[in-house]
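To start, the structure under review is shown below, and the notes come after it.
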Amino acid sequence: MKETGTISIQSENIFPIIKKFLYSDHEIFLRELVSNAVDATQKLKRLAALGEVPGDVDVDKLRVEVEFNKKKKTITVRDQGIGMTAEEVKKYINQVAFSGATDFLEKYKDKGEENQIIGFFGLGFYSAFMVADKVEIETKSYQEDAPAVHWECDGSTDFIIKPSKKKERGTEVILHIAKDSEEFLDEFRLKEILNKYCKFLPVEIKFGTREEYVPDGEDKDGKPKTKKVVVDNIINNTQPLWVKPPSELKDEDYLAFYKELYPFSEDPLFWIHLNVDYPFNLTGVLYFPKIKQEIDLQRNKIQLYSRQVFITDDVKDIVPEFLQLLHGVIDSPDIPLNVSRSYLQSDSNVKKINNYITKKVADKLATLFKNDRKAFEQKWDDIGLFVKYGMISEDKFYDKAKDFALLKNLDGEYYTIEEYNKKVKATQTDKDKNIVWLYATEPAKQDTYIKSAKNKGYDILLFDTLIDSHFINHLEQKLDKVQIKRIDADTPDKLINKDEKLESVLSEEDQQVIKELFEKAIDNPNMTVSVESMSPDEMPVVITMSEFMRRMKDMAATGGGSFGMMGAMPDQYNVAVNANHEVIGKILAAKTEKKRLTLARQAFDLALLSQNMLEGNKLSEFIERSLKILAK
């Protein structure tokens, strides 16, 4: 027999879920209760503006108060807002998940209230039972002649509702804190939670009092005097910078707000004010901080708010990964949250916001570059990390950034990609018409190689950050007919192969003798010896590692994914002996095998030393041998 009906959710089933599973962190209870109080205040302000509140209401003096009593073990959240009638208490409190905010918005949806009310789910109030074994409500509606109401519940299915003696309009929620949650009966703990979640709520939040000094006339000498007074401690800034129109703000306002968010940080380089109302609502300010070259990978610096309520500092879905090193605030009522407002849920708006932020950052950087290139160049060492990371990870960002991304050479000059290709095309094009970029990572250690390249008229770029191995690999994939090589990836004549060969002063037979001699002197299976015809002005021995091998190892060292296996492989080097250097001729002319091996080892160690590869005991042995040779 077919039957139809309605599924009923009983409160005895849902209470354990609310208390144990709905909220990942019990401290959220204070955010939820204060947010509800702010909602009640905002509703009253709106009704007052519409002329629907009896009597005069000074909306500028409305505030929310948070108190605690350690002896009574209570926490109270009090507002002067819209209040509730007995019927509304039954409707909004006794029916779990019937949201008062949703009901209010439905009623006033044609009067512009969509973005001013925080709560939507109707479960926030019940977060109180995570920390309390009894909760009381004292409330009085703004409506004339509506009697005040008292409600209480011990977390079971039973509740009490009766008349209250409350005289003033508004609502008090009194939590009787459970024994296992007495950590919240601490002034500093509560202050910490309020500062974290309620710092920028749009209604003043009072938490206790504080002392401050105020002007008190003048002393007998005419000097200003002060006196100490006790004032209400307002913990929040009701008009944070991101809710103000950018046209009303000055640079010092943005810098002051940055210090408010990050008191011990250096001033940011610049910032972007986000302000959009279509196709979604989003406001915020993103700051570009100074990032050290070793890459400060500390994320969680961007704070996500919804209607000025702090939600999370994990914004990986909202903000593109390469911009998560930025600092600042994003606030959007259109970001979908889970029922406890603790984390994000993905939907099409999240993707749209992500794309919007990427575009705004790219546009800002392009404008800075176009309007003041010199200032942009001065900032490049700090912002280059963001730009390179973005070009690697986001194709759309690459398409915009390729026109303002800068390359810096060893002379401290900056070029765009297009400019640099034009600069080196004439001198650094190989036999296959590839433009070859040369770069150094540690100029002091690679000085010998740099001098050899500069003697040939080559320009050398500086790529010295951890991300650069990935960046140059990405550039090679994107750019047509461009190769990028580290300055010590090959011998000077082969770095840019122009099919120009020098004649060797050694016969093929002598070259074979030298090759075998150095193989024996070096005795290392990870080093491949070759004899090459180089300029007599080059080093007698040049040690190199192929660009492919070195780059794969660098990428593996910085999290190169599929290149990880390269990090475990032993280093493979090429040892090129300069057949045209006079030292090699002298080694060949030495009278004994022992002498030849000693000189060969000496020449090899000199090459190691030139690349800072000779350390510890080997360096001491090299110096000792050199002194003996000089003595002879």
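Every number in this text was worked out from the coordinates using simple rules, so none of it is lab data. Keep in mind it's a predicted model, so treat the numbers as computed, not measured. Cβ coordinates were reconstructed from backbone atoms using ideal geometry, including for glycine residues, and neighbour counts include every protein chain displayed.
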Checklist entry - Each residue of region 466-480 in order: what ³J(HN,Hα) in whole Hz does its phi give by Karplus 6.51 cos²θ - 1.76 cosθ + 1.60, θ = phi - 60°, with x for Gly and Pro? => result 5, 7, 5, 4, 6, 5, 5, 5, 5, 4, 4, 6, 8, 8, 8
Item to check | Extension gain, Asp158 back to Thr367 (0.36 nm per residue minus Cα-Cα distance, nm) | outcome: 68.9 nm
Item to check | Efficiency of FRET between Glu500 and Thr592 - r from beta-carbon atoms, R0 25 angstrom, step 0.05 | outcome: 0.10
Checklist entry - Are there GluC sites (Glu not before Pro) in region 369-459 that DSSP puts in a loop and that have at most 15 other Cβ atoms within 10 Å, and which ones? => result Glu413
Checklist outcome for this item: Amide H proximity to Ser546 below 5 Å, modelled H, separation 5+ or other chain, gives Asn574
Checklist entry - Leaving out same-chain residues fewer than 8 places away, which lysines sit with a Cα under 17 Å from that of Lys594? => result Lys515, Lys520, Lys586, Lys628, Lys632
Item to check | Rounded to whole Hz, the Karplus (6.51, -1.76, 1.60) HN-Hα couplings of region 380-397, x for glycine and proline | outcome: 4, 4, 8, 9, x, 4, 4, 5, 4, 4, x, 5, 6, 9, 10, 4, 5, 5
Checklist entry - Working out 0.36 nm times the residue gap between Ser530 and Glu168, then minus their Cα-Cα distance, what length gain in nm do you get to one decimal? => result 120.9 nm
Item to check | Hits among lysines - C-alpha to C-alpha of Lys364 under 16 Å, sequence gap 8 or more where chains match | outcome: Lys374, Lys379, Lys388, Lys396, Lys400, Lys402
Item to check | Approximate spin-label separation Ala375-Glu413, in nm, with each point projected 7 Å along Cα-to-Cβ | outcome: 2.5
Item to check | Order of His470, His150 - criterion: other Cβ atoms within 10 Å of each residue's Cβ, fewest first | outcome: His150, His470
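Among Leu326, Leu62, which comes first, then next, by fewest other beta-carbon atoms within 10 Å?
Values: Leu326 23, Leu62 20.
The order, fewest Cβ neighbours first, is Leu62, Leu326.
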Checklist outcome for this item: In nanometres, the difference between 0.36 nm per residue of separation and the alpha-carbon distance of Phe188 and Asp523 is 113.9 nm
Item to check | Cleavage-rule hits, chymotrypsin sites (Phe, Trp or Tyr not before Pro), region 226-289, DSSP coil, Cβ neighbours within 10 Å at most 13 | outcome: Phe264
Checklist entry - Which lysines does Lys225 reach when only Cα atoms under 30 Å apart count, and residues fewer than 8 places away in its own chain are ignored? => result Lys61, Lys206, Lys259
Next on the checklist: What percentages make up the Cα-Cα pair-distance distribution of region 180-339 when the bins are 5 Å wide from 0?
Outcome noted: 2, 7, 14, 16, 17, 14, 11, 8, 6, 3, 2, 1, 0
Next on the checklist: If N is the number of residues in region 39-91, what value comes out of its Cα radius of gyration divided by 2.2 N^0.38 Å?
Outcome noted: 1.40
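Once you have the alpha carbon radius of gyration of region 405-500, what is it after dividing by 2.2 N^0.38 Å, with N set to its residue count?
Numbers: Rg = 12.4 Å, N = 96, 2.2 N^0.38 = 12.5 Å.
It is 0.99.
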Checklist outcome for this item: Given a Förster distance of 51 Å, the FRET efficiency implied by the Cβ-Cβ spacing of Lys422 and Val229, rounded to the nearest 0.05, works out to 0.15
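Can you list the GluC sites (Glu not before Pro) in region 485-557 that are in a DSSP coil and have 15 or fewer other beta carbons within 10 angstrom?
Numbers: sites: Glu500, Glu503, Glu508, Glu509, Glu516, Glu519, Glu532, Glu538, Glu547; in loops: Glu500, Glu503, Glu538.
Those satisfying the criteria are Glu500, Glu503.
If R₀ is 45 angstrom, what is the calculated FRET efficiency for the pair Lys220 and Asp58, using the beta carbon separation as r and rounding to 0.05?
Values: r = 40 Å, r/R0 = 0.90.
E(calc), rounded to 0.05, equals 0.65.
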Checklist outcome for this item: Given backbone amide H placed at 1.01 Å from N, residues whose amide H is under 5 Å from that of Asn236, ignoring those fewer than 5 places away on the same chain, are Ile205
Checklist outcome for this item: Taking alpha-carbon centroids only, region 399-459 lies from region 22-65 a number of Å equal to 62
Checklist entry - What share of all Cα pairs of region 351-448, in percent, falls into each consecutive 5 Å distance bin? => result 2, 11, 19, 21, 18, 14, 9, 5, 2, 0, 0
Item to check | Karplus-derived HN-Hα couplings along region 523-530 (A = 6.51, B = -1.76, C = 1.60, θ = phi - 60°), whole Hz, x at Gly and Pro | outcome: 6, 9, x, 8, 10, 9, 8, 9
